[in-house]
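Engineer: This structure is in structure tokens; I'll ask about it shortly.
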Amino acid sequence: MKSLWDWLVLAGIYRFCCYPKWKKLGRRDFWLRNLACLYFCFVLYFTLMPILASLPEIGRHSYKTMNLIPFIDVIESHGDYLRQLVLNILLMVPFGILVPLIHPQKSLWETVRLTFFLSLAIELLQPLLHGSRASDITDLITNVLGGLLGYGLYWLFRRLRQARHTGSAE
């Protein structure tokens, strides 16, 4: 229920900022941007929400510093580390696919860079918004790996599609 206001704000941003610009685009671009918007909403839901309900608490809890030891949970077998690794990779696979679909001029390295900065922003905001959350370098690494994997899938399917069209044209 705390996230209801967040969803209403996101719906308002979509309705008044995104939709008017995107409806002028071609059908493919319109739907790709809508898919990306829906993806970002779910990323926010799983990583940062509730945001608005958390704002009054930002200065009232201590900020947990980022864990800078990569894969320490794996090394020490803490908690459900394997599940966390897989989920963090899967979280960014769609991003790695959507970036070059929406912006075909974006290279692998630009997509990886965008994935890194999105993940870094999430990791730095989590402990600010929620006193119980902590940033982790492993999450950052696995998110970037997910973006890289997503771009790899995009590249593979693009190549297969090109080969299929080239083969049918002969």
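The values are calculated or read from the model by the stated rules, or taken from the named source; none is laboratory data. Given the structure is predicted, the values throughout are model-derived calculations rather than measurements. No Cβ is skipped: glycine too gets one built from the backbone with ideal geometry, and neighbour counts run over all protein chains shown.
Engineer: Residue check: is LEU98 touching a residue at least 12 places away in the same chain (Cβ under 8 Å), aliphatic (A, V, I, L, M) and either part of a helix (DSSP H, G or I) or surrounded by 18 or more Cβ atoms within 10 Å (Cβ to Cβ) (or both)?
Structural biologist: Answer is yes for this residue.
Engineer: Still on this structure, please answer the following. Going by what's in this entry, would LEU118 be described as under 30 Å from TYR14 (Cβ atoms), out of contact with any helix residue (DSSP H, G or I) (no Cβ under 8 Å at 6 or more places or on another chain) and either in the same structural domain as THR142 (by TED's automatic domain parsing) or in a loop (DSSP other than H, G, I, E, B) (or both)?
Structural biologist: Working: under 30 Å from TYR14 (Cβ atoms): yes; out of contact with any helix residue (DSSP H, G or I) (no Cβ under 8 Å at 6 or more places or on another chain): no; either in the same structural domain as THR142 (by TED's automatic domain parsing) or in a loop (DSSP other than H, G, I, E, B) (or both): yes.
So LEU118 fails the test.
Engineer: Now for a different question. What pairs come out if I take residues in region 14-36 that are touching a residue at least 60 places away in the same chain (Cβ under 8 Å) and pair them with residues that are part of a helix (DSSP H, G or I) and charged (D, E, K, R) whose C-beta lies under 9 Å away, six or more apart or interchain?
Structural biologist: ARG33/LYS21
Engineer: Could you check region 35-63 and list, in sequence order, the residues that are assigned to a loop (DSSP other than H, G, I, E, B) and within 22 Å of the chain's Cα centre (by Cα)? Lay out the reasoning, then the answer.
Structural biologist: First pass over region 35-63, keeping only residues assigned to a loop (DSSP other than H, G, I, E, B): 48-51, 61-63.
Listed by number, the residues that qualify are LEU48, MET49, PRO50, ILE51.
Engineer: Quick one: in region 115-139, of everything that is among the aliphatic types (A, V, I, L, M), under 11 Å from the mean Cα position of the chain (by Cα) and buried (at least 18 other Cβ atoms within 10 Å of the Cβ), which residue is farthest from LEU48 (Cα to Cα)?
Structural biologist: Residues of region 115-139 that are among the aliphatic types (A, V, I, L, M), as a first pass: 118, 120-122, 124-125, 128-129, 134, 137.
Keeping just the survivors that are under 11 Å from the mean Cα position of the chain (by Cα) gives 118, 120-122.
Okay, now just the ones that are also buried (at least 18 other Cβ atoms within 10 Å of the Cβ), so 118, 122.
On the way: LEU118: 12, ILE122: 7 Å.
Only one residue tops the list, namely LEU118.
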